[in-house]
Amino acid sequence: MRLIVWGINYAPEVTGIAPCNTALCEHLRAAGHDVEMVTSFPYYPAWRKRDEDRGSLYRTDVIGSVPVHRCWHYVPARVSAWKRILHEASFVLTSLLRVLALSRADLLIVVSPPLLLGAAAWFTRTRYVFHVQDLQPDAAVGLGMLKRGIFTRLLYTLEAFAYRHAWRVSGISEGMLAAFSAKGVPVEKCVLFPNGIRLDAQPARGAFRRRHGFGEDEFLAIYSGNIGVKQGLDAVVEAARLVRDLRVRIVICGDGADRARIATLAARTENVRLLPLLPDSEYREMLADCDVALITQVAGSGRSFFPSKLLPTFAAACPVLSVADADSELARAIAECGGGANVSPGDSAGFVAALEGFAQDAAKRTACARAGRAWIERYELTRVLADFTAEVERAGT
């Protein structure tokens, strides 16, 4: 089959949706399909383009035998709700023109966000799968980034339009599929396509601590990934001041639109350390040295997306302390597998108690690590991609 995967993120971006899109394209290519990717110039999570990409309108790279068609898009220096809308709209426009210029595909695999790609896919008059990584309108309203009104009604209308005209609608969690059903998507159109993880051997302990000057006796609670509004890391930094166990160090590794503000807060807190986003090899070493991984969400956002960083964390047999609404996908996963503990956003005392509890109870950490590692087997990458590929191939029958 001739397939075009269409989404705003791709390699060499190392966090967020990009690794998922990259793995999908490479798997489809290896399965014998003619695959091309239409995407943007790399910008995430730093929210800035590389110097060599500035001013480029279109370019085609080849990454892992996959042609990658890059399209210009606006990247704001400071991210706001309306600037993000312009950012996504610019990509939708330039990438639609690029898709229309390519040889017609048998099937489009459209990755949202951006939500508007669903309407753009319909415009091509090509059958498409609408793959949802983030329930974007729900998240924007839940975060307070957009007020309910005419504009949000328009977004929900566009969302419904994308679902209605898609051949299949796929989501990354059972909760997301339930949300599709509640929005009127027929069950027979819904496909579970979770983000997958490679269950490779893990590096030995110690390299990350030596590189960054942490002692073996220090207890490292580490957040790694995007530093944005949805993560609510300011609450973690503020709660760090309440930690009484002198061995505890909170480490934040990453980049994103909210990094400068978090860096200012962290500079005033002795037991918080900010590090840049790590390349893959150092990220794996970080997980090997992490005593408990922090995965955080602000109140009201947890039902709209599922943090993919949970998968490599459990794959590395690392326990998790999450900050999320009790009805979030993240909290449900933690409770289901027993791989850690969850506290509600805004509960600083509960967060500190849970953190110090992990620091003082090695047996609890070991039990959570084993439970999370056992649970993650279902998300083994090759299995996940093979199941989705089988669904895609039904479009050609």
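The values are calculated or read from the model by the stated rules, or taken from the named source; none is laboratory data. Since the model is a prediction, treat every value here as computed from it, not as a measurement. Please note: Cβ atoms are built from the backbone with ideal geometry, for glycine as well, and neighbour counts cover all protein chains shown.
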Given the condition surrounded by fewer than 18 Cβ atoms within 10 Å (Cβ to Cβ) and more than 22 Å from the chain's Cα centre (by Cα), answer yes or no: does some residue in segment 138-148 qualify? yes
If you go through Ala179, Ala162, the only one that is touching a Gly at 6+ places or on another chain (Cβ under 9 Å), surrounded by fewer than 22 Cβ atoms within 10 Å (Cβ to Cβ) and not aromatic (Phe, Trp, Tyr) is Ala179
Is it the case that segment 49-59 has a residue that's buried (at least 21 other Cβ atoms within 10 Å of the Cβ) and closer than 28 Å to Lys309 by Cα? no
Scan segment 319-337 for residues that are modelled with pLDDT of 95 or more and part of a loop (DSSP other than H, G, I, E, B) and report the count. 1
Go over the candidates Val110, Val132, Val141, Val169 one by one and state the one that is assigned by TED's automatic domain parsing to the domain that holds His69, within 22 Å of Gln231 (Cα to Cα) and at pLDDT 95 or above. Val132
Of the residues Ile250, Ile262, which single one is more than 20 Å from the chain's Cα centre (by Cα) and crowded, with 20+ Cβ neighbours inside 10 Å? Ile250
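So if I check each of Val352, Val320, which one is among the β-branched types (Val, Ile, Thr), surrounded by fewer than 21 Cβ atoms within 10 Å (Cβ to Cβ) and under 24 Å from Val237 (Cα atoms)? Steps first, answer last, please.
Values: Val320 fails: surrounded by fewer than 21 Cβ atoms within 10 Å (Cβ to Cβ).
Answer to the selection: Val352.
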Over segment 348-380, the set of residues acidic (Asp, Glu) and over 24 Å from the mean Cα position of the chain (by Cα) is Glu356, Asp361
